Amino acid sequence: MTATTGILAALSSPLASAIGMVIWSKHWSGSEFALNMFVCTLASVGFLILSTTTRPPDEGIFPSDIFTGHNVGFLMLSSTIAILIGDWTWFRSLTLIGPVRVALFGTAKPFFAAFLGWLFFEETLHWPAWVGMVLTVGGILWVSLETEKEKEGMEEENGDEGDNDCVHRDDGGDSTIDGDNSIPDIRGQESGSDSFYDEPKTTMNISLEGEEIPENAEGDTTVSRESTLDTAVRESAIPGKVKGGMVQSSTSSWRGISITHSQEGYFMASVNIILDTFGSVITRKVGADMTTWEINLIRFGFASAVLVSLSLLCHLRHLIFHGLPNIPIISEAIDAEVAEEEDGCKNRPWYTLPHLSKKAWAKISLGVAFNAFLSPALTSYALFQIALALVLTLISIEPIYTVPLNWLLQKERPTLRTCIGAVIACVGVAVISFFGTS
């Protein structure tokens, strides 16, 4: 029975995450940092409420024999490497190499988890479990690749229209992205852009020597603050081909060592796999006597405290050097259409929440309830019921759930090849569920 409930929890976790993404994906317009801060804070409130109400009265709230400095400290470490650093490396890899290559690297996570499960928990998998893992991972990768091809085809059809969205980055900038470099704005929402600014009054001509010659439609050569090459390069996030005439370097330098953006992206994707898996290992090591609500209260609560503190420090710095900030931590809500017009692709501090309507905040909060509250709770429960590798395999099937959800809710009909990939993944899940845990 324990294995059965663990499998059901692991399968339900990505479903809750996918539902949350469908709910909020088109409403968030802030940076990844701001989203993480909001998500962790709101989820922590829910975990706090259930942590204080689900323990038996005779045990008390947060018993000292369970919430030791050792256990709490290691869960904070798990939060640091898997949420604070891990999420940043995930976002960075998406930005540099795109979702398909990140998904390709992600196929290694269940097998790395199998190794760590054997190393730390002496878990050994039977051959049906390995077969199920291969089928599941293969089906997920197939669906991801086919979905990307569908998006590329749609972009080619609409390429002449040039309708791209603004991409917000952790550094507060807005960048234009083309082709395979388009990234999901938080695990699924496609973003892209045609220009760096809302008012493209200035064009930039760049010579081979790197000198800029800006000129507007009337031939005026006055260089505005927004049109300088230095600003444009700082605001860009993606190497390679960029619309609007901006050609960016495909390499960066660190202590004299030349590193291509692809190399950095692959490195970040690899680091994310390692950190995320080790975060799960640490959680399982020290959280056995805690409820899933208590585990996630510590992990998300600690991440929220760090992110909010960093945001407050940035506001304090702005206050000291520039006077009263123009944008508070929680911007007052305004009408959705006005917000869309005012925000657009304007630069906004990465440490602030965006202007959104009350309706948009309500939808995002509902998405958080599924994506960042229910999903992690189910995952944490499953960690203590079945093998680590099987948990990380089953919770990775979110792309499979998005196929029917997009069809039902967004009228995006999948291709036959996408359906074949989903069927292969489902066969793998069935093999794991019926034969992999014996």
Kindly provide the set of residues from segment 50-76 that are part of a helix (DSSP H, G or I) and surrounded by 16 or more Cβ atoms within 10 Å (Cβ to Cβ), ordered by number.
-> LEU50, SER51, ASN71, VAL72, PHE74, LEU75, MET76
Check whether at least one residue in segment 102-113 is modelled with pLDDT under 90, not in a helix (DSSP H, G or I) and not hydrophobic (A, V, I, L, M, F, W, C), and report yes or no.
-> yes
The correct count of residues that are open to solvent by 90 Å² or more (accessible area, probe 1.4 Å) and part of a loop (DSSP other than H, G, I, E, B) in segment 400-416 is 3
For THR379, which of the numbered conditions (1) over 23 Å from LYS109 (Cβ atoms); (2) open to solvent by less than 40 Å² (accessible area, probe 1.4 Å) fails to hold?
-> (1)
Just a yes or no: is a residue in segment 42-53 within 15 Å of the chain's Cα centre (by Cα) and within 30 Å of LEU356 (Cβ to Cβ)?
-> no
Search segment 70-90 for residues that are among the aromatic types (Phe, Trp, Tyr) and modelled with pLDDT under 95 and pair each with any residue that is part of a helix (DSSP H, G or I) and surrounded by 18 or more Cβ atoms within 10 Å (Cβ to Cβ) when their beta-carbon atoms are under 7 Å apart and the residues are at least 6 apart or on different chains.
-> TRP90/ASN272
Within segment 278-303, which residues are open to solvent by 30 Å² or more (accessible area, probe 1.4 Å), more than 16 Å from PHE67 (Cβ to Cβ) and out of contact with any Leu (no Cβ under 6 Å at 6 or more places or on another chain)?
-> PHE278
Only residues that are among the aliphatic types (A, V, I, L, M), buried (at least 19 other Cβ atoms within 10 Å of the Cβ) and within 19 Å of GLU398 (Cα to Cα): list them for segment 97-135, please.
-> VAL102, ALA103, ALA113, MET133, LEU135
Would you call ILE19 surrounded by fewer than 23 Cβ atoms within 10 Å (Cβ to Cβ) and more than 16 Å from the chain's Cα centre (by Cα)?
-> no
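The values are calculated or read from the model by the stated rules, or taken from the named source; none is laboratory data. A quick note: this is a predicted structure, and the numbers were derived from the prediction, not measured. FYI the Cβ positions are ideal-geometry reconstructions off the backbone, even for glycines, and counts take in every protein chain you see. Each accessible area value is taken on the protein alone, full model and side chains, heavy atoms only, with ligands, DNA and RNA left out. Shrake-Rupley method; radii C 1.70, N 1.55, O 1.52, S 1.80 Å.
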